[in-house]
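The values are calculated or read from the model by the stated rules, or taken from the named source; none is laboratory data. In this text the structure is predicted, and so the values were computed from the model without any measurement. Reconstructed Cβ throughout: ideal geometry from the backbone, glycine too, with neighbour counts over all protein chains shown. Heads up: the accessible areas ignore ligands, DNA and RNA and are worked out on the full protein's heavy atoms, side chains in. Shrake-Rupley method; radii C 1.70, N 1.55, O 1.52, S 1.80 Å.
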Amino acid sequence: MSRIGRLPVAIPAGVDVQVDGSTVTAKGPQGTLTETFNSNMNIAVENNEVIVTRPNDEKLNKSLHGLTRTLIANMVKGVHEGFKKELEINGIGYRAAMQGTDLVLNIGYSHQVIVAQPEGIKIEVPAPNKIVISGPDKQKVGQFAAEVREKRPPEPYKGKGIKYADEHIRRKEGKTGKGGK
């Protein structure tokens, strides 16, 4: 039996989970998420917990068991607390600002980079060198944070660029010595 798949997902107060066949809907203070899972998995709500079981020990069902349970747990956590990614901007003159719902980045190019805020995602800029991306859907938050970071990934020599707040950049030593003959 899958160690992760057999764990029940506790439903906190203020969150409503409904199962309709293989479709799971979670409603909470942060919003509503709906996801359709593989029809092989048996999903049930019992005693304020979501329980995922598999019909047999086929390889496909084994691999789907833990995945389905983890995705449901992420939905429940997302509508209850939400997910958050923090990005930091390093570099002289590099900064971020909000312009309406768009994120405007000055990151060393000859032009400003403007990123539109996707639906279901909230962008905050508490400081010119800090960006906070939050929302109920873990996949959307992570994907959007990766897209913003991709606009100017950190470089290893001076560390300039956009990085995650908990990311460590491995630094390299620059060129040394005298010129050739």
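Brief remarks on what is shown
- Taking θ as phi - 60° and the Karplus parameters 6.51, -1.76 and 1.60, the scalar couplings of the stretch 32-46 work out to 10, 10, 10, 9, 9, 10, 4, 6, 5, 7, 9, 10, 9, 10, 9 Hz in sequence order, x denoting glycine and proline.
- The stretch 66-181 shape via C-alpha gyration tensor axes, a/c threshold 1.5: oblate
- Contact order relative to length of the stretch 28-108, as percent, for alpha carbon pairs under 8 angstrom and 6 or more apart: 25
- Cβ-derived FRET efficiency at R0 41 Å, Asn56 paired with Asp166, nearest 0.05: 0.50
- Over the chain, accessible surface divided per residue gives 62 Å², non-protein components excluded, 1.4 Å probe.
- Estimated at 0.36 nm per residue, the fully extended path between Thr176 and Asp16 surpasses their Cα-Cα distance by 51.4 nm.
- Peptides 92-98, 22-28 ranked from most to least packed give 22-28, 92-98, packing being the mean of other C-beta atoms within 10 angstrom over each peptide's residues.
- Converting phi to 3J(HN,Hα) with the Karplus coefficients 6.51, -1.76 and 1.60 and the offset θ = phi - 60°, the stretch 120-134 yields x, 10, 10, 10, 10, 10, x, 9, x, 10, 9, 10, 10, 10, 9 Hz in sequence order, with x at every glycine or proline.
- For the stretch 97-156, the fraction of 1.4 Å probe accessible surface lying on carbon and sulfur atoms is 48 percent.
- Look at the dipole of the chain built from charges on Cβ: of Gly28, Gly91, Ser63, the Cα furthest out on the positive end belongs to Gly91.
- Between 0 and 90 degrees, the angle of helix 138-150 with respect to the longest Cα principal axis of the chain falls at about 10 degrees.
- Cross-link check: pairs Lys77/Lys140; Lys59/Lys140; Lys130/Lys163; Lys85/Lys158 evaluated at a Cα-Cα cut-off of 18 Å; pairs beyond the cut-off: Lys59/Lys140; Lys85/Lys158.
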